[in-house]
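Enquirer: Next up is a structure, given as C-alpha cells.
FYI, it's all coordinate maths here, none of it is from the lab. Worth saying up front: this structure is predicted, and the values here are computed from it rather than measured. Heads up, the Cβs are rebuilt from the backbone with ideal geometry, glycines too, and the neighbour counts pull from every protein chain shown.
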Amino acid sequence: MNRLEVKHLKKYYTSQKAVDDISFSLAPGSIFGLLGPNGAGKTTLLRMITGILFPDEGEIIFDGKKFDPDTDIAYIGYMPEEKGLYKKMQIGDQAIYLAQLKGLSKAAALESVKHWFVKFEMQSWWNKKVEDLSKGMQQKLQFVTTVLNDPKLIILDEPFSGLDPVNTNLIKDEIYKLAQNGSSIIFSTHRMEQVEEICDHIILVNKGQKILDGTVNGVKQQFKENMFAIGLESIPENISTPAFEVISNNRDHQLLLKIHEGYKPNDVLHYFLQQQVGINSFHEILPSLSEIFIKLVEGTPLTRQFQTVTA
C-alpha cells in the first residue's frame, strides 16, 4: 500500500492554474524529489498535501484512505522554506509546544525534544531565543521540530538552506535513517546535485503540470545520448570511423565521443584496439538532472562540457 497517492489534483487561482491535473504516488520509505522552477506550482501542491489548502478537483489518499487534515496532520511533518518559528520564544519550550500541537503528550514531547537536542548537540540552546540563532542553527531547529512526532510523511522544502557542509551531512544522514525506518519523504529543492544524491524517485512540474515522473536513474537513462568518455595512452592523429564522432578532448588524453545509431560501445573499443592504442578507461556519460531540467523547462538541447568527464 502506498503511503500517499495524489490523484488528478487541481488548484486554480483567478489568473492561473497553479496545479493542473497532477498525479503521483509515494511508497513507504521512499525519498521523493519534487522539482520545478519558481512559480511551477510546487508550494501550492505541498500545501494541499498538508491540508493548508483544499484542492478544487482531485483527491489525496493517505495510508489507503481519503486524506483528512483534522486527523492525518498528526502523522505529517512539514518543513517549509520560510521559517515557521516564534522568534521571541525560548527554544526548548517552543520545541515542546510544537510537539504537543502534533499530538504528543507533554511527557512524550519532552522526551522527544531531549533525544533530538542531544543527537544534534543543541542542549545548550534550550533557553535561547530563535532570534539569537544563526540562519543555519534555525534551520537545524526547524528540521528537529518537523520530525519530533516521528511522522509517517515528511515534507522538506529546501532543508539545507543556510547549512554548512558538516550540518548538511548531519541532516542528510538523518533523512536516510528516517526513510530506512519507514517514513516517506518529499524533498523539494533547486539543488539538482542534492536530488541526484538523495532521492530515489522524482517528478518535475512546470506551469502547474507534471512533465516528468520516474526513478533518478530511469530518467537519466531516458535522456541519454550515447555519449561516452574514453581515456587513451595516446590519441591517434586521424580518427576516422562511421561508428562515432569525437565531441571534444583534453590534455589528459581523454575523448568525449558520441556513438552513432546502429553502433555499440564495443565498436569504439574495437576501433582503438585496431589502432594499437592503449585504453585506460571507458564509461558512459549520462546527463545530469540539471541538464534534463533545463532541457524540459526551457526547451534547450542538452549540452556536454568536458569537465563532466572523469577517468
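Enquirer: Between residue 121 and residue 191, what is the FRET efficiency for a Förster distance of 25 Å, r being their Cβ-Cβ separation, to the nearest 0.05? The partial results should precede the final answer.
Expert: Values: r = 25 Å, r/R0 = 0.99.
Computed FRET efficiency for residue 121 and residue 191: 0.50.
Enquirer: Expressed in nm to one decimal, what extension gain is obtained for the pair residue 269 and residue 16 from 0.36 nm per residue of sequence separation less their Cα-Cα distance?
Expert: On the way: separation 253, 0.36 × 253 = 91.08 nm, distance 5.32 nm.
Gain in length upon complete extension: 85.8 nm.
Enquirer: Just from its helices, what would the mean residue ellipticity at 222 nm be for the chain, if runs of 4 or more DSSP H residues each count -39500 (n - 2.57) and the sum is divided by every residue, rounded to the nearest 500 deg cm²/dmol? Spell out each step's value before the answer.
Expert: Numbers: 10 runs with 100 residues, N = 311.
Helix-only estimate at 222 nm: -9500 deg cm²/dmol.
Enquirer: A further question follows. Size of the dipole of the stretch 221-308 about the Cα centre, Lys and Arg at +1 and Asp and Glu at -1 on the beta carbon, nothing else charged, in debye to 20?
Expert: Details: 6 positive and 10 negative charges, 22 e Å.
Computed about the Cα centre, the dipole is about 100 debye.
Enquirer: Order of 67, 54 from fewest to most other C-beta atoms within 10 Å?
Expert: Numbers: 67 21, 54 10.
In increasing order of surrounding Cβ atoms, one gets 54, 67.
Enquirer: Counting only the backbone N, which residues of the stretch 54-92 are under 17 Å from the spot 7 Å out from the Cα of residue 1 toward its beta-carbon?
Expert: Of the residues in the stretch 54-92, 60-69, 71-76 have backbone N under 17 Å from the label point off residue 1.
Enquirer: How tilted is helix 289-298 with respect to the longest principal axis of the chain? Cα atoms for both, answer in degrees (0 to 90, nearest 10).
Expert: 90
Enquirer: Relative to a virtual label point 7 Å from the Cα of residue 81 in the Cα→beta-carbon direction, which members of the stretch 2-26 show backbone nitrogen distances below 16 Å?
Expert: Within reach of a label on residue 81, which here means backbone N under 16 Å from a point 7 Å along Cα→Cβ, the stretch 2-26 contributes 18-19.
Enquirer: Next question. Mind checking the stretch 1-95 for trypsin sites (Lys or Arg not before Pro) that DSSP puts in a loop (not H, G, I, E or B) and that have at most 12 other Cβ atoms within 10 Å? Mind showing how you got there, number by number?
Expert: Working: sites: 3, 7, 10, 11, 17, 42, 47, 65, 66, 83, 87, 88; in loops: 3, 83, 87, 88.
Loop-located and lightly packed - 87, 88.
Enquirer: When the Karplus curve 6.51 cos²θ - 1.76 cosθ + 1.60 is applied with θ = phi - 60°, which whole-Hz ³J(HN,Hα) does each residue of the stretch 117-123 get, with x for Gly and Pro?
Expert: 5, 5, 4, 9, 6, 10, 4
Enquirer: Looking at the chain, what % of its DSSP beta bridges pair antiparallel, to the nearest 5? Let's see the in-between values first.
Expert: Details: 37 of 54 bridges.
For the chain, the DSSP antiparallel bridge percentage is about 70.
Enquirer: Under 14 Å from the Cβ of residue 174, count the other residues' Cβ atoms, weight Lys and Arg +1, Asp and Glu -1, and hand me the total. Present the calculation step by step, with values, prior to reporting the outcome.
Expert: Numbers: positive: 119, 140, 172, 177; negative: 121, 150, 173.
With Lys, Arg at +1 and Asp, Glu at -1, the neighbours total +1.
Enquirer: A further question follows. Looking at (1) 1.23; (2) 1.17; (3) 1.02, which value of Cα Rg over 2.2 N^0.38 Å comes from a calculation on the structure shown?
Expert: For Cα Rg over 2.2 N^0.38 Å, the calculated option is (1).
Enquirer: If you take the charge dipole of the stretch 4-215 about its Cα centre, with +1 on Lys and Arg Cβ and -1 on Asp and Glu Cβ, which of 96, 4, 44 is farthest toward its positive end?
Expert: Looking along the dipole axis, the top candidate is 96.
Enquirer: Okay, moving on. Just how large is the dipole of the chain about the Cα centre, in debye to the nearest 20, putting +1 at every Lys and Arg Cβ and -1 at every Asp and Glu Cβ? Write down the numbers at each step before the final one.
Expert: Values: 33 positive and 38 negative charges, 178 e Å.
For the chain, the charge dipole is close to 860 debye.
Enquirer: Cα convex hull of the stretch 152-223: how many Å³ per residue?
Expert: Working: hull volume 7.5 nm³, N = 72.
That works out to 104 Å³ per residue.
Enquirer: Based on other C-beta atoms within 10 Å, arrange 30, 15 from fewest to most. Please list the in-between numbers first.
Expert: Numbers: 30 19, 15 6.
With the sparsest Cβ surroundings first, the list reads 15, 30.
Enquirer: I need the calculated FRET efficiency for the pair residue 134 and residue 93, taking r as the beta carbon distance and R₀ as 25 Å, to the nearest 0.05. All intermediate terms of the calculation are to be shown ahead of the outcome.
Expert: Values: r = 20 Å, r/R0 = 0.80.
For R0 = 25 Å, the calculated efficiency reads 0.80.
Enquirer: Let me ask something additional. With the dipole of the stretch 4-215 worked out from charges on the C-beta (+1 for Lys and Arg, -1 for Asp and Glu) around the Cα centre, which of 34, 151, 23 lies farthest toward the positive end?
Expert: 151
Enquirer: Could you state, as a whole-number percent, how many of the C-alpha pairs of the stretch 161-270 are farther apart than 25 Å?
Expert: Numbers: 2991 of 5995 pairs.
The answer is 50 percent, as a whole percent.
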